[in-house]
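Worksheet for the structure shown next.
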Amino acid sequence: MINDSLGHEAGDAVIKAMAGRLVRLLPENWELGHFGGDESILRSPLRPEKSTVEEQLTELLSRVREPMHHAGRELFISVSAGVAVHPAAGESAEDLFRAADAALHAAKQGNRGGLRTFEPALSQLSFRRLTMESDLRKALSEGQLDNFYQPIVDSQHQTIVSGEALIRWDHPEFGLVSPAAFIPMAEETGLIAPLGEWVLRRGLADLVDLRRSTAIPDLRLSVNVSAQQVMQAGFTEMVHQALAENRLAPTALQIEITEEVFLQDLSTSRDTLESLHASGITLAVDDFGTGYSALSYFKRMPIDLLKIDKSFIHDMFLRDRDLQLVGAVVSLAHGLGMRVVAEGVETEEQRAHLQLIGCEYLQGFLLARPMRKDDLAPFLREQLQHE
Ligand code: C2E
Ligand code: MG
Ligand code: MG
C-alpha cells in the first residue's frame with residue numbers, strides 16, 4: 001500500500017527503518033537477516049522453550065508495530081511472524097524456511113496477534129493451497145468447472161423468476177470442491193476475473209437454452225460477482241459483450257455483489273454500478289447483514305434487491321432477535337425502494353412467515369436445491385404445469 005500510494009522510495013525507507021527497529025529490539029544472541037521484499041528472518045541460535053520464543057516475539061511484534069513517520073506522515077505497519085522450531089518443524093534449513101513460511105501464511109490469515117508456530121497440519125494446508133492454485137488454473141482450461149443453478153421463487157405467486165449460478169469444481173482428486181473453499185483463493189491469486197467471466201458466459205448460454213426448452217421467456221440469471229471484478233477496468237464492457245453475444249437484453253441479468261464492494265474506491269464502484277444499473281441489469285446485495293457496510297451506501301448506490309443472509313433465516317425461530325431483525329430488514333429495504341430475497345429457506349414455517357411480512361422472493365432447499373442445467377429444465381417445466 002505504501003509503495004502504491006507514496007512511491008517505492010517511501011517503501012524502501014520504511015523497510016530500512018523497520019530493519020533498524022528489529023536490530024534494536026532483537027533479543028540477545030538472535031540473528032537478523034533480510035529475506036527479500038518485506039520479509040525478514042530472525043534466528044535464535046540457542047534452544048529456548050517454545051513458549052519463551054513466542055513471548056519474546058509477541059513483545060517484539062508489538063513494539064515493531066508502533067506507527068512510523070515518513071515525509072511528515074504517520075504510517076501504520078502491520079507485522080506477522082511464523083515460527084519454525086528445529087527439529088520438530090524440519091531438519092534442513094530448507095525445510096525450516098518452508099515451515100516458517102507456512103506458519104507465516106497462517107498467521108496472516110488468522111487472528112492470533114499475527115504470530116503462529118508451525119505444526120504439521122499447516123504444511124498440508126500450504127501444500128494444498130499451492131497445488132490447488134495451479135489446479136484451478138488447469139480447471140479453467142480443462143473444463144472441470146460447472147455451474148449449478150438454484151431457483152429464486154416469487155413468494156406470492158410461487159413462480160420461478162430466476163436461477164442463481166453457483167459454481168462447482170469437480171476436482172480430479174478431491175472430488176466436488178465447494179466454492180467457499182476456492183473462491184477466496186481465486187480472489188487472492190487474481191484468478192477470480194477469468195473464473196467470474198467463465199461463470200457469466202456459461203450462465204448466459206445456459207439461460208438461452210433454458211428459456212427455449214421451458215418456454216419461460218422472462219427467466220433470469222443471477223450471478224455472483226466479486227468486489228475485485230467490479231473494480232476491474234472493462235468489467236461493464238465484458239458483461240455487455242457477453243449479453244450481446246447471446247442476444248440477451250440486460251434485463252435478463254441480475255448481479256449479486258457483496259458489501260465488500262462498498263469498502264473499495266467509491267467513485268469507481270459507483271460509476272460501474274450506475275452504468276450496469278442504467279442499462280437495465282438488476283443489482284442485488286448478497287449475504288446482507290454479515291458485512292460491514294453502512295446503511296448510507298444504500299442512499300447513494302443503485303441497489304434493487306437485498307438478499308438477507310441465510311444465517312438470519314436459519315435462526316429466525318430460534319432467537320427472537322433474528323425474527324425481529326428479518327422483519328426490520330424487510331421494512332428498511334422497502335422504505336428505501338428495494339425488494340428482498342430471503343436466502344436459505346428450509347422450512348414451511350419460515351416460508352409462511354417470510355411471505356406474511358412481504359418478502360418478495362425466496363431461495364432455499366425447501367423450494368429447490370442448486371442443480372445442473374439438465375435437471376433444472378424438467379424441474380421448471382413441472383413447476384409450470386402446477387400453475
Ligand atoms: P451465496 O451467493 O450466498 O449462495 C448461496 C449459498 O447458500 C449456496 O452455497 C447455496 O447452495 C446455499 N444454500 C441455498 N439454499 C440453502 C438452504 O436452504 N440452506 C443452506 N444451508 N444453504 C443453502 P454454495 O453453492 O456453496 O455457494 C457458497 C458461496 O460461494 C456463494 O454464496 C457465493 O458467495 C460463492 N460463489 C458461488 N459461485 C460463485 C461465483 O461464480 N462467483 C463468486 N464470486 N462467488 C461465488
Ligand atoms: Mg449469491
Ligand atoms: Mg448469500
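Every number in this text was worked out from the coordinates using simple rules, so none of it is lab data. All values derive from a computational prediction rather than experimental measurement. Reconstructed Cβ throughout: ideal geometry from the backbone, glycine too, with neighbour counts over all protein chains shown.
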Study note, to complete from the structure: Length-normalised contact order of the stretch 183-312, Cα under 8 Å, at least 6 apart, in percent, tallies to 21
Study note, to complete from the structure: The base-10 log of I(q)/I(0) that the Debye equation returns for the stretch 2-118 at q = 0.13 Å⁻¹, one scatterer per C-alpha, is -0.53
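Counting helices only, and only those DSSP H runs with n ≥ 4, report the 222 nm mean residue ellipticity of the chain as the sum of -39,500 (n - 2.57) divided by its residues, in deg cm²/dmol to the nearest 500. Walk me through the numbers before you get to the answer.
Working: 15 runs with 190 residues, N = 387.
My calculation for the chain gives -15500 deg cm²/dmol from helical runs alone.
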Practice item. Report the calculated FRET efficiency for Asp271 and Leu25 (r = Cβ-Cβ distance, R0 = 45 Å), to the nearest 0.05. Key: 0.50
Revision key, fill the gap. Expressed as a percent, the portion of alpha-carbon pairs in the stretch 189-231 spaced more than 16 Å apart is 43
Review point. Per residue Cα convex hull volume for the stretch 259-308, in cubic angstrom?
Key: 66
Point to revise | Of every Cα-Cα pair in the stretch 264-360, the percent that sits beyond 23 Å | key: 28
**Study point:** Most mobile of Ile192, Ile216, Ile15 in a GNM of the chain (Cα contacts under 10 Å)
**Key:** Ile15
Review point. How big is the chain on each of its three principal axes, counting only the C-alpha atoms and giving the largest first in Å?
Key: 79, 48, 46
Review point. What net charge is computed for the residues neighbouring Gly190, neighbours being all others with C-beta under 14 Å from the C-beta of Gly190, Lys and Arg scored +1, Asp and Glu -1?
Key: -3
Check your understanding: Relative contact order for the chain using alpha-carbon pairs under 8 Å, separation at least 6, rounded to a whole percent?
Key -> 11
